[in-house]
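Chemist: First the structure, which I've put down as structure tokens, then a few questions once you've had a look.
The values are calculated or read from the model by the stated rules, or taken from the named source; none is laboratory data. For clarity, every value in this text was computed on a predicted model and none was experimentally measured. Cβ coordinates were reconstructed from backbone atoms using ideal geometry, including for glycine residues, and neighbour counts include every protein chain displayed. We work out accessible area using only protein heavy atoms, side chains counted, and drop any ligands, DNA or RNA first. Shrake-Rupley method; radii C 1.70, N 1.55, O 1.52, S 1.80 Å.
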Amino acid sequence: GVEGFQEWINKNILTKKQICVLDYGCSYFDLGIGLTDKFKCFDGFDIDVTAIAIAQERMRSKSNVSLYHDEESIPKSLYNIIFVSSVVQYFGEINNVITFLKVSRENLLKNGLGKIIITDLIPKNYNEYYDAIENLLLAFKNKLFIPMFVHILKAATQKFIMSDSELNLLRINPNTLKRISIENGFSFQIIKNIGISDRRYSAILTAVQNR
């Protein structure tokens, strides 16, 4: 979850004070809590106006945090890194991923050093039932079985009452993401998922210098 991603950032992102980052799909800005002081700037974007309002209240004392709910307002050519945590599965279709990559290149620095780090990508062969069992076993190990069981029960109930179209999470295999990344000016590296499920995957996309 968020704590695991924060730990990964602390271990793998160096010279943080010189870096500006954007949390794309930041929700209540949970990822930024505890990290904002380590970066030159740590901004967030979410289309949910209510979530951004809550995030603004939480971050009102931080001068190096800007929060946006209008994608057009995100600064161009500013960010070293864009974090995308458990968001791409809600893009709906591949064309929306391609649009995101095109827009992100404009938000990243122009020196070829900009990166997009995406977590919790769902491959085509993903099995949600295996994932639920894995989460329950991990929760039992961490003495959080009951809260996790309640969470999964709520999710299962929601799936039962919602239509297939409302729950149509985007599944994208690494080879497909690699292809569209290269086509839109990024190199591609698959890494072990930074999220909870080992059956999902994470990826690092690095913008090439030739724009």
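Chemist: I'm told residue 196 meets every condition in (1) of a type in the set (Val, Ile, Thr); (2) assigned to a helix (DSSP H, G or I); (3) at pLDDT 65 or above; (4) surrounded by 12 or more Cβ atoms within 10 Å (Cβ to Cβ) except one. Can you identify the failing condition by its number?
Modeler: Tallying (1) of a type in the set (Val, Ile, Thr); (2) assigned to a helix (DSSP H, G or I); (3) at pLDDT 65 or above; (4) surrounded by 12 or more Cβ atoms within 10 Å (Cβ to Cβ), residue 196 fails exactly one: (2).
Chemist: Right, here's the next one. Can you name the residue in the stretch 138-149 that is among the hydrophobic types (A, V, I, L, M, F, W, C) and at pLDDT 75 or above and is also surrounded by the fewest Cβ atoms within 10 Å (Cβ to Cβ) among such residues?
Modeler: The qualifying residue surrounded by the fewest Cβ atoms within 10 Å (Cβ to Cβ) is 146.
Chemist: Please go through the stretch 46-80 and pick out each residue that is outside any loop (DSSP other than H, G, I, E, B) and open to solvent by less than 10 Å² (accessible area, probe 1.4 Å). Talk me through it step by step, then tell me what you get.
Modeler: At the first step, the residues of the stretch 46-80 found to be outside any loop (DSSP other than H, G, I, E, B) are 49-58, 67-68, 71-73, 79.
Matches in the stretch 46-80: 51, 52, 55, 79.
Chemist: Taking the stretch 1-16 as the search range and keeping residues that are assigned to a helix (DSSP H, G or I) and of a type in the set (S, T, N, Q), which one is nearest to residue 194 (Cα to Cα)?
Modeler: Here the answer is 6.
Chemist: Any idea which residue in the stretch 98-137 is modelled with the lowest pLDDT, counting only those that are crowded, with 17+ Cβ neighbours inside 10 Å and among the charged types (D, E, K, R)?
Modeler: Per the criteria, the residue is 131.
Chemist: So the check is Cβ under 6 Å with 6+ separation or different chains; which pairs have a first residue in the stretch 84-97 that's open to solvent by less than 40 Å² (accessible area, probe 1.4 Å) and a second one that's of a type in the set (Gly, Ala, Ser)?
Modeler: Correct list of pairs: 87/25.
Chemist: Hey, residue 176 hits all of (1) in a strand (DSSP E or B); (2) closer than 17 Å to residue 95 by Cβ but one; which does it fall short on?
Modeler: Single failed check for residue 176: (1).
Chemist: So for the stretch 18-26 (the condition being under 17 Å from residue 2 (Cβ atoms), aromatic (Phe, Trp, Tyr), open to solvent by 20 Å² or more (accessible area, probe 1.4 Å) and modelled with pLDDT of 95 or more), does at least one residue qualify?
Modeler: Yes, the stretch 18-26 contains at least one residue that is under 17 Å from residue 2 (Cβ atoms), aromatic (Phe, Trp, Tyr), open to solvent by 20 Å² or more (accessible area, probe 1.4 Å) and modelled with pLDDT of 95 or more.
Chemist: Okay, moving on. Scan the stretch 89-124 for residues that are in a loop (DSSP other than H, G, I, E, B), closer than 16 Å to residue 23 by Cβ and polar (S, T, N, Q) and report the count.
Modeler: 0
Chemist: Which pairs do you get when a residue that is under 21 Å from residue 30 (Cα atoms), found in the stretch 65-76, comes within reach of a residue that is open to solvent by less than 70 Å² (accessible area, probe 1.4 Å) and of a type in the set (Ser, Thr, Tyr), reach meaning Cβ atoms under 7 angstrom, with the pair 6+ apart or on two chains?
Modeler: 65/36; 74/68
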